[in-house]
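The values are calculated or read from the model by the stated rules, or taken from the named source; none is laboratory data. Not measured: the values here are computed from a predicted model. Don't worry about glycine lacking a Cβ; one is built from the backbone with ideal geometry, like all the others, and counts go over all protein chains shown. Calculation scope for accessible area: heavy atoms of the full protein, side chains included, ligands and nucleic acids excluded. Shrake-Rupley method; radii C 1.70, N 1.55, O 1.52, S 1.80 Å.
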Amino acid sequence: MKLFPVLVMLTACAARPQDLSGKMFTFPLESNTAHVRLNASRLDFSSLTLCHRSFTDLKRDHVLFSLATPVHSNDFLIFWDYKNKEIESDIKDREAVFGGRDYKPNMWHSICTTWDSESGLVQIWFNGLPSIRKFVSTGTNIVGPVIIILGQEQDSHGGGFDLKQSFVGMMSDVHLWDHILSSCEIQNYVDELNFTPGNVLNWSALEFEIIDRVLIENKLMTCH
């Protein structure tokens with residue numbers, strides 16, 4: 001009986017930004033409903049940097065970040081292709097794939113992704129190691145209204161979820177900037193040093209809504 005008020009609170013929409021420092025979202029089961037919807041006031045992006053951390057033991061494809069607009073369901077998507085062992089970065093429904101990443105289960109991984117509309121180049125930083133830069137899309141911005149979701153991959157604007165693409169595990173430290181971070185700034189994020197928080201999504205002042213079974217817990221730390 002004591003757990004009931006907590007579950008109600010966790011499924012309610014956040015009334016104001018919350019500081020999730022030292023916290024994580026736990027996605028405890030495979031589902032085509034459970035997700036976290038992140039609120040962003042910006043509706044127009046000419047460049048982006050996204051950083052986040054994840055911990056999972058999934059042995060299948062799964063989503064890591066999904067930003068959709070009415071025009072493009074994969075306007076900014078980060079996805080793990082288990083069969084080919086590749087991280088996919090989709091920009092405006094165009095895909096760049098990055099192989100050779102040591103995406104081990106049951107440990108935290110930091111992934112940062114940058115994209116610039118002028119050059120059309122996308123790049124990932126996996127645990128602080130940069131990839132080559134690949135061309136995906138140039139000349140046009142990502143223009144909202146945007147829906148940003150953790151835990152599910154959007155095949156339509158805010159929906160179209162697939163059970164076998166859902167995320168199961170923990171996510172933390174999600175930041176999104178409307179510009180390209182320098183390599184030093186990205187390294188500071190990876191090393192959990194001082195860095196300027198995201199000006200679009202800021203884990204220390206995050207507006208979000210939890211739908212279905214997703215928990216907020218203290219972030220797991222190793223004992224030294």
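Can you list residue pairs whose Cβ atoms sit under 8 Å apart, with the first residue in segment 134-147 being in contact (Cβ under 8 Å) with a residue 24 or more places away in the chain and within 15 Å of Val71 (Cα to Cα) and the second being of a type in the set (Lys, Arg) and open to solvent by less than 70 Å² (accessible area, probe 1.4 Å)? Count only pairs 6 or more apart in sequence or on different chains.
As it stands, the answer is Ser137/Lys92; Thr140/Lys92; Ile142/Lys92, since those pairs meet every condition given.
Only one residue in Ser131, Ser89 is crowded, with 16+ Cβ neighbours inside 10 Å and more than 28 Å from Ile210 (Cβ to Cβ), so which one is that?
Details: Ser89 fails: more than 28 Å from Ile210 (Cβ to Cβ).
From the options Ser131, Ser89, the qualifying one is Ser131.
Within segment 22-34, is even one residue at pLDDT below 95, out of contact with any helix residue (DSSP H, G or I) (no Cβ under 9 Å at 6 or more places or on another chain), open to solvent by 50 Å² or more (accessible area, probe 1.4 Å) and more than 17 Å from Glu209 (Cα to Cα)? Working first, answer last.
Taking segment 22-34 as the starting set, the residues that turn out to be at pLDDT below 95 are none.
No - not one qualifying residue is present in segment 22-34.
Looking at Thr196, is it open to solvent by 30 Å² or more (accessible area, probe 1.4 Å) and modelled with pLDDT under 95? It would help to see each step written out before you state the result.
Numbers: open to solvent by 30 Å² or more (accessible area, probe 1.4 Å): yes; modelled with pLDDT under 95: no.
No; evaluated as a whole, the condition is false for this residue.
Taking segment 92-107, which residues are of a type in the set (Asp, Glu) and either part of a loop (DSSP other than H, G, I, E, B) or open to solvent by less than 10 Å² (accessible area, probe 1.4 Å) (or both)? Explain how you work it out, then say what you get.
The initial filter retains those residues of segment 92-107 that are of a type in the set (Asp, Glu), namely 93, 95, 102.
Across segment 92-107, the qualifying residues are Asp93, Asp102.
Name, by its number, the condition in (1) touching a residue at least 12 places away in the same chain (Cβ under 8 Å); (2) open to solvent by 60 Å² or more (accessible area, probe 1.4 Å); (3) more than 24 Å from Phe208 (Cα to Cα) that does not hold for Val122.
For Val122, the failing item is (2).
Restricting the first residue to segment 55-74 and requiring it to be farther than 21 Å from Gly159 by Cα, which pairs with a second residue that is surrounded by fewer than 22 Cβ atoms within 10 Å (Cβ to Cβ) and of a type outside the set (S, T, N, Q) meet a Cβ separation below 6 Å and a spacing of at least six or different chains?
Phe55/Trp108; Phe55/Gly169; Phe55/Met170; Thr56/Gly169; Asp57/Pro105; Leu58/Val168
From (1) open to solvent by 30 Å² or more (accessible area, probe 1.4 Å); (2) out of contact with any helix residue (DSSP H, G or I) (no Cβ under 6 Å at 6 or more places or on another chain); (3) at pLDDT 95 or above, pick out the condition that doesn't hold for Met221.
(3)
Looking only at strands (runs of 3 or more DSSP E) that fall completely inside segment 108-224, which ones have 3 or more residues that are over 29 Å from Lys83 (Cβ atoms)? Break it down stepwise before answering.
Values: elements: 109-116, 121-126, 147-150, 169-177, 208-211, 215-218.
The qualifying strands (runs of 3 or more DSSP E) are 208-211, 215-218.
Please name all residue pairs, on different chains or six or more residues apart, with Cβ atoms under 8 Å, provided the first residue is in segment 89-106 and is over 14 Å from Pro130 (Cβ atoms) and the second residue is open to solvent by 40 Å² or more (accessible area, probe 1.4 Å) and among the hydroxyl-bearing types (Ser, Thr, Tyr).
That search, which allows pairs on different chains as well, returns Lys92/Thr140.
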